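Structure, as structure tokens:
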Amino acid sequence: MKSLIAIALGLVMQIATAQEFKVQPESSKLSVTGTSTLHDWECVVEIFKGSISATIKNNKIVSIESFNFQFQVDDLKSGKSAMDKKTYEALREKKNPTITYKGTAVVINDHSATFSGTMIIGGTKREFKTKVKISYTNGKIMLSGEKDFKLTDFNIEPPTAVFGTIKTGDEVAIHYNIQLKN
């Protein structure tokens, strides 16, 4: 009888143990959009990494213990090399080649969650909170949403071109549709 209880307890603990899920870049998209005095723009992040440690129980996300996402600044691509160069300079890519978002807390509310963490852009750390649509199906976690923020919040001067006649807006938005798999 004791061994049966031990086996049952072991199964319950396995079901409720945190699992690590990694970003599946081929089925994910991450981009940054903004405005300028000339036109709206978008930079797509070609390569990014990340992981979530989540507890799944009865095919539902019960909790997220940690998360971490990052990409190289030079993986931001607009399709225009001159704009990309200005972006890399503004983000101080030579000294700070990576943008990271590391979690401090996640509050789950059914199919949405609030992710809180530290974002580092251009060497400046800021607390960053974002609402996320979240789901779990067939062993995969899907995250989607967008978050507006100001470049100047990270001590980044919005890029300019043509002797300052073309100016990038201070407010940008990060858009994400991320699939993670364990």
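The values are calculated or read from the model by the stated rules, or taken from the named source; none is laboratory data. Since we're looking at a predicted model, the values are computed, not measured. Every residue, glycine among them, receives a Cβ derived from its backbone with ideal geometry; neighbour counts consider all protein chains shown.
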- Item | Matching residues in the stretch 121-144 - criterion: being within 28 Å of Glu157 (Cα to Cα) and assigned to a loop (DSSP other than H, G, I, E, B) | Gly122, Gly123
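Give the stretch 123-153 a look and list any residue that's among the small types (Gly, Ala, Ser) and within 16 Å of the chain's Cα centre (by Cα), or say none. Show your work before the answer.
Filtering the stretch 123-153 down to residues among the small types (Gly, Ala, Ser) leaves 123, 135, 139, 144-145.
Within the stretch 123-153, Ser135, Ser144, Gly145 meet the criteria.
Please go through the stretch 63-84 and give me each residue that is modelled with pLDDT under 95 and either surrounded by 14 or more Cβ atoms within 10 Å (Cβ to Cβ) or of a type outside the set (D, E, K, R) (or both), ordered by number.
Applying the first criterion (modelled with pLDDT under 95) to the stretch 63-84 yields 78-84.
Passing the criteria: Ser78, Gly79, Ser81, Ala82, Met83, Asp84.
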